[in-house]
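A.B. asks: Take this structure, written in structure tokens, and hold onto it; I'll ask about it next.
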Amino acid sequence: PSAVLVLLCGSAAAVVVWKWLSKRQIEKKMEEARKTRDEGVKKMAKIVQQFREQIPSVQTDAILSLPLLELAGRLQEGSLSPRTVLYTYLEKALEVTQQTNCLRHFIPECEEQLQKVEQQKEKGLLYGIPVSIKDHIGHKGHLLTCGLVHCLGTPVQDDSVLVKVLKKQGAIPFAMTNVPQTLFCYDCSNPIFGKTLNPFNHQKSSGGSSGGEGALIAAGGSILGIGSDSGGSIRLPSSFCGLCGLKPTAQRLSVDICSHPTPVSCALGPMARDVDSLALCMKALLCQEMFQLDPTVPPMPFNEEVYSSSAPLRVGYYDTDGYFPLPPCMRRAVQETRVALQAAGHQLVPFSPPRIHYVMNELFLKTFFADGGRAWLDVFTGGIVDPCLKPQVIYCKIPRLGKKLLALILKPLQFLLKLKNVAMISTCRSVKEMWNHHHQIEVYRTEFISRWRELQLDVVLCPVLGPAFTTGYPGKLLTAISSTMLYNVLNFPAGVVPVSTVTEADEEELKLYQGCCGDPWDQVLKKAVAGAVGLPVAVQCVALPWQEELCLRLMKEVETLSREK
């Protein structure tokens, strides 16, 4: 007995020591990653300081205030140099990231790209434009971390297609921006590089998963950024930070990033301060270089005629999808925009998206958690889970039998109690069931397009989640993003445009907000958006697949009308 006791005690001690060593190794990897980032920041600060000493007369504020189209024109004509513009934005990005923690890493190779750009005989559409890119968009020599410890090993061996095309068009990628862990949260936080804050209010989130891009561009540290979107990851940061952002149809732009194949695809797209900037970026990217490097991208150049058209549009609209009622200010934004569009000569038609509860609970969440979340849980191996993801991780760790029982018990009560995470604990039980799930998504797309066609719509105006949540709340309200998730399931191009700000009257009306049932989820949403006076309020514009130019056309019209107002 004593020998057995000694053996058990020894085994327990060994387990404790092993766990301690594993944790220490994880912490060491994270410390090294942060040290590398901090050293890069110091090096870039030194380079910028040297430039300022060489050319002290640079009018920084004047350069930073230029819209992208005007800046591009000045660079093309030679009245501004790519060198001056790059170092001006590097200096501003250093300032912004100190305030918001929006950068994951500077790209030191931007100086090499600058030299190549200066020697280019043919100036591309983005000649000399500094561009920031999201953490998981491949740039040679840099990591794609997604906020995960196990991704801190091997740098990318080659530029992604999108980065190659940017460089071909004369752009200078200069920074990689922070993201939430696994990209599956709209609070921009991970245990390696920390939390990114909203530049307008540091108590608020910058959104996610392209939250680093949102904060950097909104605060003036970048004039053009590239994000990705598989559930709202371009549109939510754009809404929270007062930017314009476009989620194109998946595969309109090359997407050579690692992800599990699903019927709801990820799309890369631009983020900027105005709609014309998005249009210029799309025009630059949709070129022969893109089509040659990635033959899976349809060879469809940007249609300037559609974007520049002034013909009246037939616009469908709704201010709630009936699934997760949004705060009063977001519904106000849709109604005010509807009135402005109607006064401008466009035809507005009430539209109601079909079966949103079914889309959210069965189609979207079940797409990502078809295996009960096992593949997703695997990426946390040898790492630490960020607090914003812990509720989802807890759901996914429920044993398979427990998930089946819970799904069986809770499904009849799902609508009544608004148990919006039932789909996360429900799984596809067979390959046949998974194929049927894929088929149901296609059936729904057909149904949605049929309703669109019946009303003879050109585009749709609808709400987007906002205003910016207080940090920590997005992880508690995963399915509050039904307004954006819908158009990922449908694979429609969708963009966000800021049209207003939260007023004192909105804040007073929020006190009366009951949501759907006045239940705990509605109360959490109410707390999440409180204290947002002065923060941006946006709307969402949508078109049918492959009609990005038409989507941008509506966005431009909305932007023009809101600025006139």
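The values are calculated or read from the model by the stated rules, or taken from the named source; none is laboratory data. Everything quoted here is computed from the prediction, not taken from an experiment. Positions of Cβ are backbone-derived with ideal geometry, glycine not excepted, and every protein chain shown enters the neighbour counts. Just so you know, the surface numbers come from the protein's heavy atoms only, side chains and all, with ligands and any DNA or RNA stripped out. Shrake-Rupley method; radii C 1.70, N 1.55, O 1.52, S 1.80 Å.
A.B. asks: Given a 1.4 Å probe and every protein chain left where it sits, what share in percent of the accessible area of the stretch 12-125 is carbon and sulfur?
C.D. replies: Summing carbon and sulfur atoms, their accessible area is 51 percent of the total for the stretch 12-125.
A.B. asks: Using alpha carbon centroids, what distance separates the stretch 340-405 and the stretch 244-304, in Å?
C.D. replies: When both Cα centres are located, 24 Å separates them.
A.B. asks: Considering Cα pairs under 8 angstrom that are at least six residues apart, work out the relative contact order of the chain and quote it in whole percent.
C.D. replies: 16
A.B. asks: Ranked by accessible surface with a 1.4 Å probe, highest first, in what order do 300, 330 come?
C.D. replies: The ordering from most to least exposed comes out as 300, 330.
A.B. asks: Measure out, as a whole number of angstrom, how far apart the alpha-carbon centroids of the stretch 495-552 and the stretch 1-80 sit.
C.D. replies: Cα centres, the stretch 495-552 to the stretch 1-80: 33 Å.
A.B. asks: Would you kindly compute the Cα radius of gyration of the chain and its largest Cα-Cα separation (Dmax), both in Å?
C.D. replies: Computed over the Cα atoms of the chain, radius of gyration and Dmax are 23.9, 90 Å.
A.B. asks: Shifting gears a bit: Run down the lysines and flag those whose C-alpha is under 25 Å from the C-alpha of residue 204, throwing out any fewer than 8 positions away in its chain.
C.D. replies: 92, 134, 195, 247, 390, 420, 476, 511, 526, 527
A.B. asks: Please arrange 473, 395, 87 by accessible surface area, largest first, computed with a 1.4 Å probe and ligands excluded.
C.D. replies: 395, 473, 87
A.B. asks: With point charges of +1 on the Cβ of Lys and Arg and -1 on the Cβ of Asp and Glu, referenced to the Cα centre of the stretch 412-565, which listed residue (536, 521, 437) lies farthest in the positive direction of the dipole?
C.D. replies: 437
A.B. asks: Accessible surface of residue 202 in the full protein assembly, 1.4 angstrom probe, to the nearest 10 Å²?
C.D. replies: 80
A.B. asks: Please give the solvent-accessible surface of residue 240 in Å², to the nearest 10, using a probe radius of 1.4 Å with every protein chain present.
C.D. replies: Residue 240 has an accessible surface of roughly 0 Å² with all protein chains in place.
A.B. asks: Got a sec to turn the phi values of the stretch 126-132 into Karplus ³J(HN,Hα) couplings, 6.51 cos²θ - 1.76 cosθ + 1.60 with θ = phi - 60°, whole Hz, x for Gly and Pro?
C.D. replies: Each residue's phi maps through the Karplus curve to give 10, 3, x, 7, x, 10, 9 Hz.
A.B. asks: Here's a follow-up. Taking a probe of 1.4 Å, how large is the accessible area per residue of the chain, in Å²?
C.D. replies: 41
A.B. asks: Still on this structure, I have one more. Across 5 Å bins from 0, what is the distribution of all Cα-Cα pair distances for the stretch 99-210, in whole percents?
C.D. replies: The distribution over the stretch 99-210 is 2, 13, 20, 20, 17, 13, 9, 4, 1, 0, given as percents.
A.B. asks: Let me ask something else about it. For the stretch 281-369, what log10 I(q)/I(0) values come out of the Debye formula at q = 0.19 1/Å, with one point per alpha carbon and no solvent?
C.D. replies: Relative scattering, expressed as log10 I(q)/I(0), comes to -0.96.
A.B. asks: Determine the principal axes of the Cα atoms in the stretch 23-296, then give the extent along each, sorted from largest to smallest and rounded to whole angstroms.
C.D. replies: Its Cα atoms span 53, 43, 35 Å along the three principal axes.
A.B. asks: Right, something else. Tabulate in residue order the Karplus-calculated ³J(HN,Hα) for the stretch 279-296, using 6.51 cos²θ - 1.76 cosθ + 1.60 with θ = phi - 60°, rounded to whole Hz; enter x for Gly and Pro.
C.D. replies: Going residue by residue, I get 5, 4, 5, 4, 4, 5, 6, 7, 10, 4, 4, 4, 5, 7, 5, 10, x, 7 Hz, with x marking Gly and Pro.
A.B. asks: Could I ask something else about it? At 0.36 nm per residue, and after removing the present C-alpha to C-alpha distance, how many nm does the segment from residue 377 to residue 9 gain when stretched out fully?
C.D. replies: Result: 129.4 nm gained on full extension.
A.B. asks: Set Lys and Arg Cβ to +1 and Asp and Glu Cβ to -1, take the dipole of the stretch 23-296 about its Cα centre, and tell me which of 132, 221, 192 lies farthest positive.
C.D. replies: 192
A.B. asks: Continuing with this model, one more query. Relative to the Cα centre, what is the charge dipole magnitude of the chain, using +1 at the beta carbon of each Lys and Arg, -1 at the beta carbon of each Asp and Glu, and rounding to the nearest 20 debye?
C.D. replies: Charge dipole, the chain, about its Cα centre: 1700 debye, nearest 20.
A.B. asks: On to the next question. On a 1.4 Å probe surface of the protein chains, which of 135, 378 comes out largest in accessible area, and what is the full order?
C.D. replies: On the way: 135 0, 378 100 Å².
I get 378, 135, largest accessible area first.
A.B. asks: Suppose every K and R has +1 on its Cβ and every D and E has -1 on its Cβ; what is the size of the dipole of the stretch 23-296 about the Cα centre, in Debye to the nearest 20?
C.D. replies: For the stretch 23-296, the charge dipole is close to 460 debye.
A.B. asks: Residue 438: accessible area at probe 1.4 Å, nearest 10 Å²?
C.D. replies: Residue 438 exposes around 50 Å² with every protein chain in place.
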